[in-house]
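The numbers here are math on the coordinates, done by the rules we state, and not lab data. Not measured: the values here are computed from a predicted model. Glycine also receives a Cβ, built like all others from the backbone with ideal geometry; neighbour counts cover every protein chain displayed.
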Amino acid sequence: MRITFPVIVTAGPLSVSAHQIFESLAYAIGFYMYRRSRRLDGDFLPTSDRFSVIAAAAMGAALGSRILYWFEDPVFTLRHMLEPVYLLAGKTIIGGLLGATVAVEWVKRRSGITRRTGDIFAIPIVTAMAVGRIGCFLGGLPDNTYGTATTLPWGVDFGDGIHRHPTQLYEVLFLVSLAIWLRRPMYREGDRYRRFLMAYLAFRLAIDFLKPGVSFAGLTCLQWACAIATLMYRRDILFLLGLAPGRISHG
């Protein structure tokens, strides 16, 4: 069966892009899984602190996703910097994750919250991202998440006659595997979120070599962000490679 990209779902007089449908599903499923995790695993934060952390994450993600998007192609951004539609429409997952992480840590420091708070969000975020990436795939070329040209048999023609790496589906497979791995017992409080973030950044650093983009010294802006942020989690990388000790926490 041949798919015509971008995929549009029609119901009577209404027409909605499959990308929008899956993006909405991603938010809904992620929120449901977060609520379920809170119910099953508990939440040690007082209500006021929980709202502060969630609000910081939301604002940090919104700001970070757009700032990093603007730097993906600085020349193009300068040409359109007076166009609100361009400045507000674009976003990137990497910027969102890093922005949310920085904002939450800042709020926690100001509020005196010393315990790790990210573990409860890790699996819901991964699941939501996997669902959202299906929408990116169905969004075709306009979504700008496709890969470079390939002669591999699973290359996908998004409508321009060029068979490309379906990097969105590569990411879906990775995220599903990551969600399964994150369900394993962790070693310390905060490990689940740190390892989710470290694994995803490392994956994007590698997979983005299969994506077109503006490069600086051999890496795109997103890859540079991944590389720099990954250095912050170098101890986790050494532990995963068996080069650093760790201990299981039963708390």
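Looking at the chain as a GNM with Cα springs under 10 Å, which of Leu45, Leu98, Leu152 has the largest mean-square fluctuation? Top of the fluctuation ranking is Leu152. Our helix-only sum for the chain, with -39,500 (n - 2.57) per DSSP H run of n ≥ 4 divided by its residues, gives a mean residue ellipticity at 222 nm of -20000 deg cm²/dmol. Run the Debye formula on the Cα coordinates of the chain, all scatterers equal and no solvent, and tell me log10 I(q)/I(0) at q = 0.07, 0.16, 0.17, 0.18 1/Å. One equal scatterer on each Cα of the chain leads to -0.26, -1.36, -1.49, -1.62. Distance distribution P(r), the range 1-130, all Cα-Cα pairs, bin width 10 angstrom from 0: 11, 31, 31, 20, 7, 1 percent. Against the empirical 2.2 N^0.38 Å (N residues), the range 62-127 has a Cα radius of gyration ratio of 1.39.
Packing, taken as the mean count of other beta carbons within 10 Å per residue, orders the peptides 32-43, 205-216 from highest to lowest as 205-216, 32-43.
For the range 165-214, run through the trypsin sites (Lys or Arg not before Pro) and keep only the ones in DSSP coil with at most 11 other Cβ atoms within 10 Å of their Cβ.
Here the trypsin sites (Lys or Arg not before Pro) that fit, given the DSSP loop and packing criteria, are Arg183.
The modelled label-to-label distance for the pair Ser48/Arg188, using points 7 Å beyond Cα in the direction of Cβ, is 3.0 nm. Derived scalar couplings between HN and Hα for the range 55-61 equal 5, 5, 4, 5, 5, x, 5 Hz in order, rounded to whole Hz, by the Karplus curve 6.51 cos²θ - 1.76 cosθ + 1.60 (θ = phi - 60°), x for Gly and Pro. Based on C-alpha pairs under 8 angstrom that are at least 6 apart in sequence, the chain has a relative contact order of 21 percent. Over all Cα atoms in the range 159-199, the spread is summed up by Rg and Dmax: 15.1, 50 Å.
Here the convex hull built on the C-alpha positions of the range 1-64 has a volume of 174 cubic angstrom per residue. Legend: P(r) of the range 81-217 from all alpha carbon pair distances, 10 Å bins from 0, whole percents, reading 10, 35, 32, 18, 5, 1.
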